[in-house]
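Here the structure comes first, spelled out in structure tokens, and everything after it is commentary.
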Protein chains: 2
Amino acid sequence: MPRRTFLGSLSGPKVDVAIDMGNPFLNVAVDGFLKIGTVAATRAAAEDAYFIVKRGNISRHNFENTLKKMCREGAYWGTVAGVYAGMEYGAERIRGTRDWKNAMLGGALTGLLVSSACGHNKDRVVLDAITGGAIATAADFLNYLA
Amino acid sequence: MPRRTFLGSLSGPKVDVAIDMGNPFLNVAVDGFLKIGTVAATRAAAEDAYFIVKRGNISRHNFENTLKKMCREGAYWGTVAGVYAGMEYGAERIRGTRDWKNAMLGGALTGLLVSSACGHNKDRVVLDAITGGAIATAADFLNYLA
């Protein structure tokens with residue numbers, strides 16, 4: 001039975017938020033959700049900040065829209081990353097090795113699940129699974145380049 | 001002076017192609033081009049293979065189109081990855097540390113360069129730089145999750 005413990009730590013410049021859910025599978029998924037959700041929200045904020053700086057005026061409407069967009073994008077990409085992190089972790093446990101094939105499997109399953117959940121048709125789901133696998137494999141390769 | 005040596009090795013199941021250009025910067029860029037180019041070409045091939053299997057017939061026309069698409073996608077994503085790998089390596093050398101900020105800088109510079117090279121307008125270039133940085137940061141985070 002997983003322990004029901006919650007541990008929180010937040011350190012600014014190192015971007016490290018850790019919440020211990022008492023279960024390694026959940027930990028990985030929550031970690032992925034938080035980290036990638038933060039990145040996606042920051043991206044949405046940076047995009048809107050550019051337009052605000054460019055236009056030169058800040059109205060309340062802008063700010064509200066930006067917040068909504070940050071929440072939406074953060075939640076969406078966080079969920080995708082959480083599903084991916086869980087799937088990759090599962091693939092690693094089942095296969096017993098750590099290599100790029102875990103990333104490929106995890107990415108393909110994530111593409112499949114997310115696309116199905118969005119109610120896309122069969123063709124689109126298969127294509128999204130292929131694209132998900134390719135993106136995850138590419139991301140995995142990129143980290144072992146230098 | 002960089003040594004002008006060329007070393008080639010290809011091993012199938014492990015996906016490891018190494019070409020020594022005699023210069024670490026070039027090595028990283030070429031490595032990125034080859035690896036991500038292969039992933040993108042495979043993705044294009046898998047996408048077309050799905051439609052061929054679905055339709056149930058193979059004509060010569062299909063095959064030629066697939067090859068062209070593989071070359072186009074492989075070259076495009078390979079170039080993007082090569083630029084990114086070079087930029088990240090450069091950022092690592094200049095900053096002297098290895099962390100997610102190198103990935104962010106590399107991704108942002110790559111988005112900037114690729115978007116400028118494609119002849120997009122100023123707004124689009126800035127947004128592509130922001131997106132490039134976000135994607136690279138996300139890819140970097142994902143690899144340290146499990």
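The values are calculated or read from the model by the stated rules, or taken from the named source; none is laboratory data. What you see is a predicted model; the values in this text were computed from it and never measured. When we count neighbours, we look across all protein chains shown, and the Cβ atoms used for this are built from the backbone with ideal geometry, even at glycine. Please note that ligands, DNA and RNA were not included when accessible areas were found on the heavy atoms of the full protein model with its side chains. Shrake-Rupley method; radii C 1.70, N 1.55, O 1.52, S 1.80 Å.
Can you report the number of residues in the stretch A:53-63 which are open to solvent by 80 Å² or more (accessible area, probe 1.4 Å) and assigned to a helix (DSSP H, G or I)? Working first, answer last.
The first filter runs over the stretch A:53-63 and keeps only residues open to solvent by 80 Å² or more (accessible area, probe 1.4 Å), leaving A:53-55, A:57-58, A:60-61, A:63.
So of that shortlist, the ones also assigned to a helix (DSSP H, G or I) come out as A:53-55, A:60-61, A:63.
The total comes to 6.
Condition first: at the interface with another protein chain (Cβ under 10 Å from one of its Cβ atoms) and free of Cβ contacts under 8 Å to residues at least 12 places away in the same chain. Now tell me which residues in the stretch B:66-92 satisfy that.
B:Glu92
State yes or no: is B:Arg98 in a loop (DSSP other than H, G, I, E, B) and facing chain A (nearest Cβ under 10 Å)? Steps first, please.
Working: in a loop (DSSP other than H, G, I, E, B): yes; facing chain A (nearest Cβ under 10 Å): yes.
For B:Arg98, the condition - in a loop (DSSP other than H, G, I, E, B) and facing chain A (nearest Cβ under 10 Å) - is met.
In the stretch A:128-144, which residue that is surrounded by fewer than 20 Cβ atoms within 10 Å (Cβ to Cβ) and modelled with pLDDT under 90 is nearest to the other protein chains (Cβ to nearest Cβ)?
Filtering the stretch A:128-144 down to residues surrounded by fewer than 20 Cβ atoms within 10 Å (Cβ to Cβ) leaves A:131, A:143-144.
Next cut, modelled with pLDDT under 90 only: A:143-144.
Working: A:Asn143: 4, A:Tyr144: 9 Å.
Among those residues, the one meeting the criterion is A:Asn143.
Quick one: in the stretch B:116-127, which of the residues that are hydrophobic (A, V, I, L, M, F, W, C) and assigned to a helix (DSSP H, G or I) is surrounded by the fewest Cβ atoms within 10 Å (Cβ to Cβ)?
B:Ala117
Being under 17 Å from the mean Cα position of the chain (by Cα), open to solvent by less than 50 Å² (accessible area, probe 1.4 Å) and either modelled with pLDDT under 85 or at the interface with chain B (Cβ under 9 Å from one of its Cβ atoms) (or both) is the requirement here; does A:Lys35 meet it?
Values: under 17 Å from the mean Cα position of the chain (by Cα): yes; open to solvent by less than 50 Å² (accessible area, probe 1.4 Å): yes; either modelled with pLDDT under 85 or at the interface with chain B (Cβ under 9 Å from one of its Cβ atoms) (or both): yes.
Against the criterion (under 17 Å from the mean Cα position of the chain (by Cα), open to solvent by less than 50 Å² (accessible area, probe 1.4 Å) and either modelled with pLDDT under 85 or at the interface with chain B (Cβ under 9 Å from one of its Cβ atoms) (or both)), A:Lys35 qualifies.
Is it the case that A:Ala108 is within 8 Å of another protein chain (Cβ to nearest Cβ) and more than 20 Å from A:Pro24 (Cβ to Cβ)?
Values: within 8 Å of another protein chain (Cβ to nearest Cβ): no; more than 20 Å from A:Pro24 (Cβ to Cβ): yes.
Spelling it out, it is not the case that A:Ala108 is within 8 Å of another protein chain (Cβ to nearest Cβ) and more than 20 Å from A:Pro24 (Cβ to Cβ).
The rows are residues; the columns are (1) modelled with pLDDT of 85 or more; (2) open to solvent by less than 80 Å² (accessible area, probe 1.4 Å).
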site	(1), (2)
A:Ile19	no, yes
A:Ala46	yes, yes
A:Phe51	no, yes
A:Ala75	yes, yes
A:Thr79	yes, yes
A:Arg98	no, no
A:Gly107	yes, yes
